[in-house]
Amino acid sequence: MKKNIAIVFGGKSSEYSVSLESVCSVLRNIDRNRYDIYMIGINKNGEWKHYEGDIECIENDNWDSDDLNQVMICPNPIKHCLWERNEEKIKEIVVDAIMPILHGKNGEDGTIQGMIQMASIPLIGCDVLSSALCMDKHKAHTLVKSHGIEVTSSFYLNNQKEYQNQKKNILKLKLPLYIKPIKSGSSLGMSRITSYDDLDDAIHQAFLFDNEVLIEEEVKGFEVGCAVMGVNELTVGRVDEIELSSGFFDFKEKYTLQTSHIYVPARISSSLEKKIQDTAKRIYKILGCRIFARVDMFLTPDYRIVFNEVNTIPGFTAHSRYPSMMNEAGITFKNLLTNLIEMGIEDANKNTL
């Protein structure tokens, strides 16, 4: 019998549009001979709705309507189901697993993961703790550094008032600087400055996206990434490399690649690629990641590997890095999704024994 998989998309997040693009690729590549799909769309108001229409409507962001039934996760851990409200009736929808294809706040930070895990429904992806840790760049850096892995030199601010108090110390950091919201994804709210005159504006912009900000010195070299899959035994994709013509890999570049290029595999030696893959696996385990995640690092001119961040729900668009890296390792998008789903269900069942 087919397994019933709930796939959640949208979300009340600044990365709502990215989720729509990602989920369309997932829906077009998932094995329909193995899985029935129950789609849950979360609109910009945060309402959960059961969507049964065409993928193109998601792509064009006209999927939402008042006619769609509202959905919620049933909190009873014995039932493993969703509640769908149709007029005044509540229908139970039993699901084998839930796969969130959400990015950013309330989707990648442990919040929805907690709801799913409290209901004892198998979760396809990282759990509450690893999702929350990886979303918080400062805490992730602190933990990874404590295990002897190099991280970027940075300064942490937990509110705007602290910025004014610490500004003299911040000005001791070497330019260029990257100013990042701690818990924002897709580089939203992030700035790269080459003059201290731009610092105030960059800090203001970052605090629009989060109440905590990280200020990092630039790492000379280029960014590399590694797709990791698994729980105990890990599988890695080929390492990729981001080539930038200028600036940094911001939101626009990540999803349009207008002036940058991604090389998969990276233009590095096989021994260096293995070293990056091994480092990615260490970081994945240090931060408690499960099922899948993408580990981003920098490679310096003298071949040092510097940790940047982990994306626990990386992009799944047609040109996204995670499926591309796995494809180069011989795992097609269709097989990748099957592996992730089956692994998530198996892992959840082991933990309930």
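The values are calculated or read from the model by the stated rules, or taken from the named source; none is laboratory data. Please read these numbers as outputs of a predicted model, since none were measured by experiment. Cβ coordinates were reconstructed from backbone atoms using ideal geometry, including for glycine residues, and neighbour counts include every protein chain displayed. Accessible surface areas use protein heavy atoms only, side chains included; no ligands, DNA or RNA. Shrake-Rupley method; radii C 1.70, N 1.55, O 1.52, S 1.80 Å.
Residues of the range 288-324 that are aliphatic (A, V, I, L, M) and in contact with a Cys (Cβ under 9 Å, 6 or more places away or on another chain): Ile291, Ala293, Val295, Met297, Val310, Ile313, Ala318.
Summed over the range 192-242, the residues that are over 30 Å from Glu273 (Cα atoms) and either in contact with a Ser or Thr (Cβ under 9 Å, 6 or more places away or on another chain) or open to solvent by less than 60 Å² (accessible area, probe 1.4 Å) (or both) give a count of 14.
The residue that is farthest from Tyr35 (Cα to Cα), among those in the range 83-104 that are of a type in the set (A, V, I, L, M) and touching a helix residue (DSSP H, G or I) at 6+ places or on another chain (Cβ under 8 Å), is Leu102.
Enumerate the pairs (first residue in the range 259-280 and within 15 Å of Tyr303 (Cα to Cα) and touching a residue at least 60 places away in the same chain (Cβ under 8 Å); second residue anywhere and of a type outside the set (A, V, I, L, M) and open to solvent by less than 60 Å² (accessible area, probe 1.4 Å)) with beta-carbon separation below 9 Å, excluding pairs fewer than 6 apart on the same chain, so at least 6 apart or on different chains. Pairs that qualify, where the first residue is within 15 Å of Tyr303 (Cα to Cα) and touching a residue at least 60 places away in the same chain (Cβ under 8 Å) and the partner is of a type outside the set (A, V, I, L, M) and open to solvent by less than 60 Å² (accessible area, probe 1.4 Å), are Thr279/Cys226; Thr279/Phe307.
Scanning the range 90-112 for residues that are touching a strand residue (DSSP E or B) at 6+ places or on another chain (Cβ under 6 Å) and closer than 20 Å to Pro77 by Cβ yields Ile90, Lys91, Glu92, Ile93, Val94, Val95, Asp96, Ala97, Ile98, Met99, Pro100, Ile112. Inclusion of Ile121 among residues that are modelled with pLDDT of 95 or more, over 21 Å from Pro314 (Cα atoms), touching a Ser or Thr at 6+ places or on another chain (Cβ under 9 Å) and hydrophobic (A, V, I, L, M, F, W, C) is not warranted.
Need a quick list: strands (runs of 3 or more DSSP E) entirely within the range 1-87 having at least 1 residues that are open to solvent by less than 40 Å² (accessible area, probe 1.4 Å) and under 21 Å from Pro314 (Cα atoms).
3-10, 35-42
On inspection, Leu133 qualifies as outside any strand (DSSP E or B) and open to solvent by less than 60 Å² (accessible area, probe 1.4 Å).
Restricting the range 330-346 to residues that are among the polar types (S, T, N, Q) and assigned to a helix (DSSP H, G or I) leaves a set whose member that is least open to solvent (accessible area, probe 1.4 Å) is Thr338.
Residue by residue, here is whether (1) at positive phi; (2) surrounded by 21 or more Cβ atoms within 10 Å (Cβ to Cβ); (3) at pLDDT below 95 holds:
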site: Val94; (1), (2), (3): no, no, no
site: Ile98; (1), (2), (3): no, yes, no
site: Ile101; (1), (2), (3): no, yes, no
site: Glu108; (1), (2), (3): no, yes, yes
site: Gly114; (1), (2), (3): no, no, no
site: Cys126; (1), (2), (3): no, yes, no
site: Leu129; (1), (2), (3): no, no, no
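Just one of the listed residues (Asp61, Asp54) is farther than 22 Å from Ala132 by Cβ and touching a Leu at 6+ places or on another chain (Cβ under 8 Å), and it is Asp61.
Per the conditions (1) surrounded by 20 or more Cβ atoms within 10 Å (Cβ to Cβ); (2) in a loop (DSSP other than H, G, I, E, B), the sole criterion not satisfied by Pro265 is (1).
The set of residues from the range 213-247 being within 21 Å of Ser153 (Cα to Cα) and acidic (Asp, Glu) comprises Glu216, Glu217, Glu218, Glu223.
If you filter the range 309-319 down to residues that are open to solvent by less than 10 Å² (accessible area, probe 1.4 Å) and among the polar types (S, T, N, Q), you find that the one that is nearest to Ser19 (Cα to Cα) is Thr317.
Screening Asp302, Asp278, Asp296 for residues that are at pLDDT 95 or above, out of contact with any helix residue (DSSP H, G or I) (no Cβ under 8 Å at 6 or more places or on another chain) and buried (at least 19 other Cβ atoms within 10 Å of the Cβ) leaves exactly one candidate, Asp296.
The combined condition, being closer than 27 Å to Lys12 by Cβ, at pLDDT below 90 and among the polar types (S, T, N, Q), is fulfilled by Ser186. Summed over the range 141-191, the residues that are open to solvent by 20 Å² or more (accessible area, probe 1.4 Å), assigned to a helix (DSSP H, G or I) and more than 27 Å from Lys285 (Cα to Cα) give a count of 9.
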